[in-house]
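Encoded as structure tokens, the structure appears first; notes follow it.
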Amino acid sequence: MRVPIQRLAVALTLCCALLAGATACGSGGGDRSGARETTAADVAAAADRAGTPSPSTSAQRQKFAKTRFVANAGLAAGASYQWIVKPWKAGKFKKGAKGRKFALVKAGLAGAFAYNRLKAATRNAKGDPTLAKALAPLTAGIDSLKDLPSKLRKGDSADSVAGSFDDIINKVKDAGKNAGAEVTNKVPSAGQLAGG
């Protein structure tokens, strides 16, 4: 694909103008606070620190692990309930039901998303000994969900698949509650669901 030279010239001019404007705004000598000027290296270092937070004490690490567990398990529970359990209980997966194919495709996507978030929640739980111990018996059940989303999309034994998701999600929620990390359903956005 060829780009006309005029477009390239305009793009280059705009980039230079933006760069010059940003440089001029950042170098003003009117800083009355006495603080030193922030450099690109400072911004990069701050981004690195912000990207991978690292709590300093064991208690902070455990709290962070519980928080991440609750977030991931909540998304899994919300997706499962919204697009698997609720349609299943409403009879949307039965042969001949209106909108069955669309409901099954959404359920398949939600199942893949829920499995992904449950695996992440399991990894998060390892940061807290109590939570890890409570979740340990459920890892085989969570692993068994791996192939179920494709079965949902195809409509294969949708009732038993939906029941499996409902059962595992409830057990994860109970384990979290017993370990002091209560999980509430959080329905993911369509973008989160599509992104996995």
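Each value in this text was obtained by applying a stated rule to the coordinates, not by laboratory testing. Note that this is a predicted model, so its numbers are computed, not measured. Using ideal geometry, Cβ is built from the backbone for each residue, glycine included, and neighbour counts are taken over all protein chains shown.
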Under unit Cβ charges (Lys, Arg +1; Asp, Glu -1), what dipole magnitude, rounded to 20 debye, does region 61-190 have relative to its Cα centre?
-> 400 debye
Links that overshoot a 29 Å alpha carbon limit, given the list Lys86/Lys177; Lys92/Lys126; Lys92/Lys146; Lys95/Lys177 = Lys92/Lys126; Lys95/Lys177
Along the positive direction of the dipole of region 64-154 (beta-carbon charges: Lys, Arg +1; Asp, Glu -1; about the Cα centre), which of Ala120, Leu75, Ala103 reaches farthest?
-> Ala103
Enter the mean projected area of the convex hull around the alpha-carbon atoms of region 76-196, in nm², rounded to one decimal.
-> 6.8 nm²
What's the extension gain from Arg123 to Val105 if we count 0.36 nm per residue and subtract their Cα-Cα distance?
-> 3.7 nm
At a Förster radius of 45 Å, what calculated FRET efficiency corresponds to the Cβ-Cβ distance of Thr130 and Ser160, to the nearest 0.05?
-> 0.90
Please give the length that would be gained between Lys95 and Lys177 if that part of the chain were fully extended, namely 0.36 nm times their separation in residues minus their C-alpha to C-alpha distance (nm, one decimal).
-> 25.8 nm
About its Cα centre, region 120-196 carries a charge dipole, from +1 on Lys and Arg Cβ atoms and -1 on Asp and Glu Cβ atoms, whose size in debye to the nearest 20 is 220 debye
Each label sits 7 Å from Cα toward the beta-carbon; between Gln60 and Thr184 the label points are separated, in nm, by 2.7 nm
So Thr67 and Ala140, fully extended at 0.36 nm per residue minus their Cα-Cα distance, gain in nm 24.0 nm
